[in-house]
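Below you'll find the structure, written out as structure tokens, and then a few comments.
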Amino acid sequence: MFAYKYLMAFIHVCCSCLIFLCLMCRTSTDGIKSLRLITAVKTPYLPDGRFDLEAYDSLINTQINGGAEGVIVGGTTGEGHLMSWDEHIMLIGHTVNCFGANIKVIGNTGSNSTREAVHATEQGFAVGMHAALHVNPYYGKTSTEGLISHFKEVLPMGPTIIYNVPSRTSQDIPPPVIEALSCYSNMAGVKECVGHERVKCYTDKGITIWSGNDDECHDSRWKYGATGVISVASNLVPGLMHSLMFEGENAALNEKLLPLMKWLFCEPNPIGLNTALAQLGVVRPVFRLPYTPLPLEKRVEFVRIVEAIGRENFVGQKEAQVLDDDDFVLISRY
């Protein structure tokens, strides 16, 4: 009995220490607000449609080495909408466990259902994510008061980035909503896709903004006060995107990258990125439907863009190649 009491006391101390360490290691909202380059990272697949974690880990390492300070896990680019919540939370936890000491992990735990958003966000913070990304309720749109109430349910859980992308949700998050939420200590800022004037509207009020548009991020950063960008292009050229966000105005570099940025969004994201990474040999050419690869003429155009920018600036070691239609695997059951 004497030994048992000492054992239980020892376990209690150890648990208390672990809890203390976890609290000490948690990222503050200010720590998220300072990030300039955040990559909305792609999720690669095996031929049976499961996650290709080996390729995924290589992608994350490449982002770290290229200067990205954060990654969005399971966002639009990472096809979180094609994942089960079990897959989603597993990938967030895996990313934290393997890379959380070297890069900030921001889990997309948003949903058009407040109940699901609350539950997923609880799970995401439980597995260690540093911040949450939350889109406004889509399809089943709500009122202005409903938007505020939705976000108020998740903000107390931890640092939160709100994502405004009306082209996907079919509903703008108007400034009065963001201003009403800006008093919350966990409100890290907004990923804003509406444009420069909206960015300036917020930065003038001291609200942290990341551009959600690669082709606008240079000017948003250096002319309109954005902190940085949440980027798709940085999956491919993290070092160049780091330079664009950290090294001052560089119109020449921005102009050099614009053809790539426009190519990436010639069809809805992540179709272009998935095609590009496959042609660079960085991921397998596997698509979860309903996504399908870009047509042949666009695949040829990508190789020319790589040559113009310089292969050495892109991720991966293989030469860019034009894949045939038969090289791609389209998965409907996974």
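The values are calculated or read from the model by the stated rules, or taken from the named source; none is laboratory data. None of the values given here were measured: they were computed from a predicted structure. Neighbour counts are summed over all protein chains in view; Cβ atoms, including those assigned to glycine, are modelled from backbone coordinates with ideal geometry. When the accessible area is computed, the model is the full protein with side chains, heavy atoms only, and any ligands, DNA or RNA have been set aside. Shrake-Rupley method; radii C 1.70, N 1.55, O 1.52, S 1.80 Å.
Scanning region 51-84 for residues being open to solvent by less than 10 Å² (accessible area, probe 1.4 Å), of a type in the set (S, T, N, Q) and within 12 Å of residue 102 (Cβ to Cβ) gives a total of 1. Region 123-212 holds strands (runs of 3 or more DSSP E) entirely within its bounds, and those carrying 1 or more residues that are without any contact (Cβ under 8 Å) to a residue 24 or more places away in the chain map to 209-211.
Considering only residues in region 263-286 that are among the aliphatic types (A, V, I, L, M) and part of a helix (DSSP H, G or I), the one that is surrounded by the most Cβ atoms within 10 Å (Cβ to Cβ) turns out to be 276. Of everything listed in (1) outside any helix (DSSP H, G or I); (2) among the aliphatic types (A, V, I, L, M); (3) open to solvent by less than 50 Å² (accessible area, probe 1.4 Å); (4) farther than 20 Å from residue 31 by Cβ, the single unmet condition for residue 240 is (1). Condition test on residue 260, is it within 22 Å of residue 76 (Cα to Cα), in contact with a helix residue (DSSP H, G or I) (Cβ under 9 Å, 6 or more places away or on another chain), in a helix (DSSP H, G or I) and touching a residue at least 12 places away in the same chain (Cβ under 8 Å)? When the stated conditions are applied, residue 260 passes them. Taken over region 287-308, the criterion of being open to solvent by less than 40 Å² (accessible area, probe 1.4 Å) and either over 24 Å from the mean Cα position of the chain (by Cα) or closer than 23 Å to residue 76 by Cβ (or both) is satisfied by 287, 288, 291, 293, 294, 299, 302, 303, 305. Do we have residue 225 as crowded, with 17+ Cβ neighbours inside 10 Å and on the phi > 0 side of the Ramachandran plot here? So residue 225 passes the test. Please list, ordered by residue number, the strands (runs of 3 or more DSSP E) wholly in region 1-108 having 1 or more residues that are hydroxyl-bearing (Ser, Thr, Tyr) and either over 25 Å from residue 284 (Cα atoms) or at pLDDT 95 or above (or both). It comes to 37-40. Of the residues that make up region 50-66, is at least one more than 23 Å from residue 233 (Cα to Cα), in contact (Cβ under 8 Å) with a residue 40 or more places away in the chain and charged (D, E, K, R)? Within region 50-66, one or more residues are more than 23 Å from residue 233 (Cα to Cα), in contact (Cβ under 8 Å) with a residue 40 or more places away in the chain and charged (D, E, K, R).
Taken as a whole, the condition of being in contact with a strand residue (DSSP E or B) (Cβ under 9 Å, 6 or more places away or on another chain), part of a helix (DSSP H, G or I) and open to solvent by less than 20 Å² (accessible area, probe 1.4 Å) applies to residue 117. Taken over region 181-206, the residue count meeting the criterion of being under 21 Å from residue 140 (Cβ atoms) and open to solvent by 10 Å² or more (accessible area, probe 1.4 Å) is 1.
Contact annotation: residue pairs with Cβ atoms under 7 Å, 6 or more positions apart or on different chains, pairing a residue in region 304-326 that is under 17 Å from residue 66 (Cβ atoms) with a partner that is part of a helix (DSSP H, G or I) and open to solvent by 40 Å² or more (accessible area, probe 1.4 Å), are 309/256; 315/62.
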